[in-house]
Amino acid sequence: MNKIFSEQSDWDELLEFIAEKQLTPVIGREVYKFTEADDLTPFDEYLSKQILKVNGVTDLPPMPLTNAVSYLVNERRLRAMEVTRKLKTMVKEIGFDFPLLTKLLEITDLNYFINTSVYDNVLEQKLKEIRGQEAVSINFSINEPFSDSEDVEKLTRPLVFNVFGSLLHTVDAALSEEDMLEYTGYFKEKMNGVANIANALRNHNLLFIGCAFPDWMVRFVLRLLSNEPLHEWGSRRSIMVVNDSSDERKVQFDYLQKFDVTTYEGNTADFLQEFSTRWKQKNPAALKTRRIFLSYTISDREAVEKLKQALEDIPNISCWYDKRDIAPGDDWRTEIAKNLKSADLCIPLISANSLQHKDGYVQEEWRTADNVNTFRKIDGIKAKYLMPIVIDDTNPYDANVPRFLSELSIGKVPDGNPGQEFINQVRETLQLV
């Protein structure tokens, strides 16, 4: 019989699995929600709506992407290749914030991920953004060969196994329910050649999180990804399932009642918030210190000192500016450029003083910071880097303010004394909430 995940001992056991490197998250579409107008929007439904819209369909209710693709191919008789091409363009251009995915990936002891979505670039970009490492991605494919992973117990950087292929990197990603069914038919045969991946699926504890599959597919997917018969679940390892409340979840949980599996009654967002919080409490040393570069002119030293003190009251934040940290004899231009590049956030302090000399050192810092910001975008890093503020009565859109700053949202921090709203913005930007 299944068990409801709720007790302190359940969390303790889950955290112990992580410490022992014996937990593999299986990530579903409910984890891929982005922030839109203070709400969370499912990315899967967003893509579904967009692909229907560009093909002239606007009168259908929200649906998963697999259903939308099936409708376009089977009912509208569009070529699957054309639908795929349009989806690739959409996925390449995204720049959303995915807070639930961020919560999961901040648990840096997790290095091996099974991804059931086909928009794997979202996961890979987030891993690079949060951990500063390129993930190793292995894409399951029916028609193309794919390699095995190294021993998952010895990973030195994140590994992602895209179990339904990759929209951007495989020719046969499972975009429709028919595709998914075909994948399940080939899964066992194709996995024979990738022993490390198969063994990890068979031997690790599995956390299915946000995997809301159609009711007819639940038993197929859970059986295949666990790599053992469902009636043997619980005999050697734990299986946990977390989903949002829905008709699909009811069918899934009703089916799972007969097996030795742990389910969670809350939703995916609640679970990930609690999961992340508990792991951070147990592993405070694992939290990366976020570095903020404060760019100011010497006449505003008092304001920058106040701002620095307020920001460094936030745990895991360290502020850098040239007065304190450049030793005599250092090449100050090189030191400033190095620290701008290594910073997680740059805050230019705009004032009448800093705008007085257009060719001054502070404006050179701003131009360097703008270059760093440009290269971060080229490297696929979506996190905000520039957060300009005005510290006096200067018009933030004064003609003397460089355009690359005036085009951004400019905050107000009078005399370097930040209010709680600004502190919250910094915490959110640096993912310290």
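The values are calculated or read from the model by the stated rules, or taken from the named source; none is laboratory data. Computed from a predicted model, the values in this text were never measured in an experiment. For neighbour counting, all protein chains shown are included, and Cβ atoms are generated from backbone atoms with ideal geometry for every residue, glycine included. Note: areas computed on protein heavy atoms with side chains; ligands, DNA, RNA excluded. Shrake-Rupley method; radii C 1.70, N 1.55, O 1.52, S 1.80 Å.
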Given R₀ = 35 Å, what would the calculated FRET efficiency be for SER318 paired with ASN143, taking r from the Cβ atoms and rounding to 0.05? 0.10
Could you check the simple spin-label distance between ALA352 and GLU16, using points 7 Å along Cα→Cβ, in nm with one decimal? 6.6 nm
Amide H of LEU386: which non-local residues (sequence gap of 5 or more, or other chain) have their own amide H closer than 5 Å, using H built in the peptide plane? CYS346
In a shell of Cβ-Cβ distance under 12 Å around GLU232, excluding GLU232 itself, what net charge do Lys and Arg (+1) and Asp and Glu (-1) give? +2
If each of ILE378 and GLU335 carries a label point 7 Å out from its Cα toward its Cβ, how far apart are those two points in nm? 2.8 nm
No solvent, one uniform scatterer per C-alpha: report log10 I(q)/I(0) for the chain via the Debye equation at q = 0.07 1/Å, two decimals. -0.41
Computed FRET value (nearest 0.05) for GLU228 with GLN273, which takes r as the C-beta separation and R₀ as 45 Å: 0.90
Ordered by packing density, taken as the mean number of other Cβ atoms within 10 Å over each peptide's residues, highest first, how do 143-154, 168-179 rank? 168-179, 143-154
Using alpha-carbon positions, the gyration tensor of the stretch 313-433 gives root eigenvalues a ≥ b ≥ c; with a/c under 1.5 called rounded, otherwise prolate if a/b exceeds b/c, else oblate, the class is rounded
So, over other residues within a Cβ distance under 14 Å of PRO145, counting Lys, Arg +1 and Asp, Glu -1, the net charge is -3
Could you compute how much accessible surface HIS231 exposes when probed at 1.4 Å, giving the result in Å² to the nearest 10? 140 Å²
Give me, ordered by chain and number, the residues 5 or more places off CYS319 or on other chains with an amide H under 5 Å from its own placed amide H. ILE292
Here are some pairs, LYS86/LYS126; LYS126/LYS282; LYS103/LYS188; LYS53/LYS92; which of them have Cα atoms lying more than 26 Å apart in this structure? LYS103/LYS188
Long-range tail of P(r) for the stretch 1-141 (Cα pairs > 22 Å, %): 49 percent
Of the beta bridges DSSP finds with both residues in the chain, what % are antiparallel, to the nearest 5? 10 percent
Explain nothing, just compute: Karplus ³J(HN,Hα) = 6.51 cos²θ - 1.76 cosθ + 1.60, θ = phi - 60°, for every residue of the stretch 90-95 in order, whole Hz, x for Gly and Pro. 4, 5, 5, 9, 6, x
Spelling out what I want: for every residue of the stretch 195-210, take phi, set θ = phi - 60°, compute 6.51 cos²θ - 1.76 cosθ + 1.60 (Karplus), and round to whole Hz; glycine and proline get x. 4, 5, 5, 4, 5, 5, 5, 7, 10, 7, 5, 10, 10, 7, 10, x
Just grab the label-to-label distance for LEU432 and ASN283, each label 7 Å out from Cα along the Cβ direction, in nm (one decimal). 2.0 nm
With every protein chain kept in place and a 1.4 Å probe, the residues PHE220, PHE275 fall, from largest accessible area down, as PHE220, PHE275
Assigning unit charges at the beta carbon (Lys, Arg +1; Asp, Glu -1) and nothing else, what dipole magnitude in debye, to the nearest 20, does the chain show about its Cα centre? 700 debye
Gained length - LYS188 relative to GLU265, 0.36 nm times residue gap less alpha-carbon distance: 24.6 nm
Net charge near PHE17 (other residues with Cβ under 14 Å of its Cβ; Lys, Arg +1; Asp, Glu -1) is -2
Picking from PHE96, PHE404, PHE43, which is most flexible by a Gaussian network model of the chain using Cα springs under 10 Å? PHE404
Surface per residue (accessible, 1.4 Å probe) for the chain, Å²: 48 Å²
Checked the stretch 3-51 against the a/c 1.5 cut and the a/b vs b/c comparison, axes a ≥ b ≥ c from its Cα gyration tensor; verdict prolate
Grab the DSSP H runs of the chain that are 4 residues or longer, score each as -39,500 (n - 2.57), total them, divide by all residues and round the 222 nm result to the nearest 500 deg cm²/dmol. -13000 deg cm²/dmol
What list of ³J(HN,Hα) values in whole Hz, one per residue of the stretch 167-173 in order, does the Karplus curve 6.51 cos²θ - 1.76 cosθ + 1.60 (θ = phi - 60°) give from phi, with Gly and Pro shown as x? 4, 8, 10, 10, 7, 9, 4
If you average the sequence gap of Cα pairs under 8 Å that are 6 or more apart and divide by the length of the stretch 134-188, what percent do you get for the contact order? 38 percent
For ARG291, ARG77, ARG376, ARG157, give me the order by solvent-accessible area with a 1.4 Å probe, most accessible first, ignoring ligands, DNA and RNA. ARG77, ARG157, ARG291, ARG376
